Amino acid sequence: GQYLTRYLRWEGGEGHDPEAPCLLLVHGFAASAEQWQRLVHQLRAQAGGEPLPPVYALDLLGFGMSEKPGLSYTQYVWEAQVVDFAREVMGGRPLVLCGNSIGGGLSAGASATLGEQVKGLILCNTAGVLEEPAEYAAPRMLVRDATLRGEHAAPFAPVPLFGQPALDAFGAAIVAALFPRVPALLDGIYGDRPANADEALAFAIAQGASSPGAANVIGSGQKLATNRPLNEVLDGEAGGFGGPVLVPQGMNDKVSGPARASERADAFERLRPGVKVCRLEAGGHCPQDDAPEAVAAAILEFLPAVREYAQGDTSRGRAAESTVGA
């Protein structure tokens, strides 16, 4: 079906390179596009006189101001939305995907699907299965291919005994319990920068949670199926994204815990060449919003690697065309 979604767009700077990759920002569970505003402001401020290309931030289906239809929400639904947005709204223009939390996992999966359209990937305290690189063994058949053949589709777990009505009731109970505590919860998550957990952010989250259909979306968090491991979707030789990856990792993550954040940073550093980890000691689970200055600086330092990779893609494409025409 077709559903209404909302996105924000910041115009590119005057005189920006029209061929330069745009930036597409993907928020986490129960968040919205507003959570990227501070980062965009810092990117522009720190870029100085260098004009940046356009920046997009979308509201995932079921969150923010996007429609909340009665779907069975999974990571694959949201990943498909990111892919469709990149192809249809952005017209297939080269891009850098940037995601936070579950939005990072979605961005990683979308980068594998979008192929050459993606020139770089930024994962801010990303969700997603990341197996120890030294122990990861690529399966006989990729999760993607096995799922398409119906050989890997694990059942959602656990769906309540009484089905969707029970899931809706569960979601409604969660919303009712957490709704009055949104400001306090944000203060905890934004422990290093509580001032950024302001009324505007709390209002955006509360508004999305109070919309019709929100209970089903929140309840879906209890039945998300296992997604493709990051080891697979970031492996260029296995059909994943093989380009440059930046991992701005907030080390004081109050959601997963600082120890887990450190373990993930270590694992990403061992994943493969081309993955750069930036450890942010004063950053939390949403570093793009509670440490936007540091994340913006890391992204601007990362962009030359993106441009080099994009130019290499162009050269490879021209070489292939020459070979075909020979």
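The values are calculated or read from the model by the stated rules, or taken from the named source; none is laboratory data. Everything quoted here is computed from the prediction, not taken from an experiment. The protein model used for the area step is the full one, side chains on, heavy atoms only, and it has no ligands, DNA or RNA in it. Shrake-Rupley method; radii C 1.70, N 1.55, O 1.52, S 1.80 Å.
Rg and Dmax in Å for segment 1-120, alpha carbons only: what are they?
Rg then Dmax for segment 1-120, in Å: 14.0, 46.
Search the structure for amide H atoms under 5 Å from the amide H of VAL247, placed 1.01 Å from N in the peptide plane, and list their residues when 5 or more places away or on another chain.
Close amide H contacts, sequence-distant or interchain: LEU123, LYS276, VAL277, CYS278.
Once neighbouring chains are kept in place and the probe is 1.4 Å, which whole percent of the accessible area of segment 1-95 is contributed by carbon and sulfur? Kindly include the intermediate steps, with their values, before the conclusion.
Details: 2110 of 4250 Å².
Reported share for carbon and sulfur atoms: 50 percent.
Once you have the Cα-Cα distance between GLU88 and ALA297, take 0.36 nm times their residue separation minus that, and quote the gain in nm to one decimal.
Net length gain for the segment: 72.2 nm.
Could you please state how large a percent of the accessible area of segment 208-252 is carbon and sulfur, counting protein chains only and using a 1.4 Å probe?
46 percent
Excluding residues on the same chain fewer than 8 positions from LYS68, give the aspartates and glutamates whose Cα lies under 14 Å from its Cα.
Output for LYS68: ASP59, ASP168.
Grab the Cα-Cα distance for ALA134 and LEU71, subtract it from 0.36 nm times how many residues apart they are, and report the gain in nm with one decimal.
Separation in residues times 0.36 nm, less the Cα-Cα distance, equals 18.9 nm.
Let me cross-check MET251: its accessible surface, 1.4 Å probe, with only protein heavy atoms counted, in Å² to the nearest 10?
Here the accessible area works out near 20 Å².
Round to the nearest 10 and report in Å² the accessible area of HIS285, as given by a 1.4 Å probe over the protein chains' heavy atoms.
Roughly 30 Å² of HIS285 is accessible to a 1.4 Å probe.
Which residues' amide hydrogens lie under 5 Å from the amide hydrogen of THR5, considering only partners 5 or more residues apart or on another chain, with H built in the peptide plane?
The list, which skips near neighbours in sequence, is GLU67.
With a 1.4 Å probe and all protein chains left in place, how much accessible area per residue does segment 182-268 have, in Å²? Walk me through the numbers on the way to the answer.
Details: 3340 Å² over 87 residues.
In whole numbers, segment 182-268 has 38 Å² accessible per residue.
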